[in-house]
Amino acid sequence: MFAEVNAMKARARAEGADIINFGMGNPDLPTPPHIVAKLTEAVQDPKTHRYSMSRGIPGLRKAVAAYYGNRFGVDVDPETETIVTLGSKEGLANLSSAITSPGDLILVPNPSYPIHQFGFIIAGAAVRSIPVEPEHGLLEALKRAVQHSVPKPTALVLNYPNNPTARTVDLDFYAEVVDFCLYHGIYILSDLAYAEIYFDGNPPPSILQIKRAWDVAVEFTSMSKTYSMPGWRIGFATGNHKLIAALGRIKSYLDYGAFTPVQVACTAALNGPQDCVEEIRRTYKGRRDVLIEGLASAGWEVPSPPATMFAWAPIPEPFKAMGSMEFSKLLLSEAEVAVSPGIGFGEHGEGYVRIALVENRQRIRQAVRNIKAFLSGTGQEETGKDGKRAASH
């Protein structure tokens, strides 16, 4: 589905259309200069051009442990409880393969970031959906899954702040889930990629702040969003030492680790000044406010996301019947704005589109003007029972 929208976007651009792209969550901000400078310095040393370490260089693992200590107040053994991955996405996929046998049952939120499901599906597991929203029955869904599933679930995926919904949770929620999974012998894979992209209230917690979680949980974090380093492909898995060892073993067959200068630069990022992270956060917050306020003025009420770099937007009422895929295509053709259809994140994403904050404020304002013109003009025709718009007059 994403490929179909992307192909349509490419055709429009080839024809000269100025498409404003809110589709892929691909950060547009430059990596902070001091991180780039450290990469440049490290790459001058020929010794760094050899194979690296699959588990990550010791200095970087120590920096991750220090980050967890400073940010979450938890102690991490850099030798046995954290490992460097080629991005959190690859880490999730690799651990899925390490702990899954064909026929296993995995619990995954729906809607969700695709790798949360497909990492396990590729490994031969079956996936059962659970709600993203805790107040919409997530814990009840866990109980039903254990009671009525054969075989019993072996792992649960969590992702807060959530992609695509931007939902956040607190430590009380994590404590309940951990107790449940401990009792039933279920592993937890927590994706915390958006830990530092938050705007309102307290910083998002880590599941590893619950001491009991260390018996069953691994958490994935990433440099991509926090330091605007998506193309560098560096992430981390931290938590239960047995799960980390399993991930380390499968990685030893699959990769030699990221290029050493990249790891050196990441170490400098984690150990260095963090004002760049605050600046990135402020930038996304400013973009969020421009988008949400602008869409409201256009007649499209979208909840303001408390975290992540996404807005999870309900399809405006006149277009609900056509579904998220057709609405995304319509928005692209009529308003020259690209978004991600909610159905691409699972069937429970239907009725929504995801808007990524990856354009500057000026471009966001232009997108809002385009959308406003679309909604107030040709976009307001009645939709028929088949979800298609009536012809304009």
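Kindly put 297, 88 in sequence by how many other C-beta atoms sit within 10 Å of each C-beta, fewest to most.
Details: 297 10, 88 25.
With the sparsest Cβ surroundings first, the list reads 297, 88.
The residue among 252, 33, 118 whose Cα reaches farthest toward the positive pole of the charge dipole of the stretch 33-271, with charges on the beta-carbon of Lys, Arg, Asp and Glu, is 252. Multiplying the residue separation of residue 80 and residue 12 by 0.36 nm and subtracting their alpha-carbon distance yields 19.5 nm. Spacing of the modelled spin labels on residue 66 and residue 241, each 7 Å from Cα toward Cβ, amounts to 2.3 nm. From the helices alone, meaning DSSP H stretches of at least four residues, give me the mean residue ellipticity at 222 nm for the chain, per-run term -39500 (n - 2.57), in deg cm²/dmol to the nearest 500. It lands at -13500 deg cm²/dmol.
May I ask for the angle, rounded to the nearest 10°, between helix 138-148 and the longest principal axis of the chain, with both axes built from Cα atoms and the value confined to 0 to 90°? Its long axis makes an angle of about 70 degrees. Helix 361-376 axis versus longest C-alpha principal axis of the chain: approximately 40°, rounded to the nearest ten.
Here each label is just a point 7 Å from Cα along the line to Cβ, and for residue 297 and residue 49 those points are 5.5 nm apart.
Taking the Cα centre of the stretch 212-310 as the origin, how large is its charge dipole in debye, to the nearest 20, when only Lys and Arg (+1) and Asp and Glu (-1) carry charge on their Cβ atoms? Once rounded to the nearest 20, the dipole reads 320 debye. Sorting the segments 118-127, 249-258 by their mean number of nearby beta carbons within 10 angstrom, highest to lowest, gives 118-127, 249-258. With the simple spin-label model, which puts each label point 7 Å out from Cα in the Cβ direction, the residue 121 to residue 182 separation comes to 3.4 nm. On full extension, the segment bounded by residue 320 and residue 139 gains 62.2 nm, given 0.36 nm per residue less the C-alpha separation. A Gaussian network model of the chain, with springs between Cα atoms under 10 Å, assigns the largest mean-square fluctuation among 51, 174, 194 to 51. Quick one: angle between helix 275-297 and the longest Cα principal axis of the chain, in degrees between 0 and 90, rounded to 10, please. Here the helix axis deviates by roughly 20 degrees.
Throughout, read-outs are computed from the coordinates displayed, never taken from laboratory work. Just so it is clear, the model here is predicted, and its values are computed rather than measured. Note that we place each Cβ from the backbone using ideal geometry, even for glycine, and neighbour counts take in every protein chain shown.
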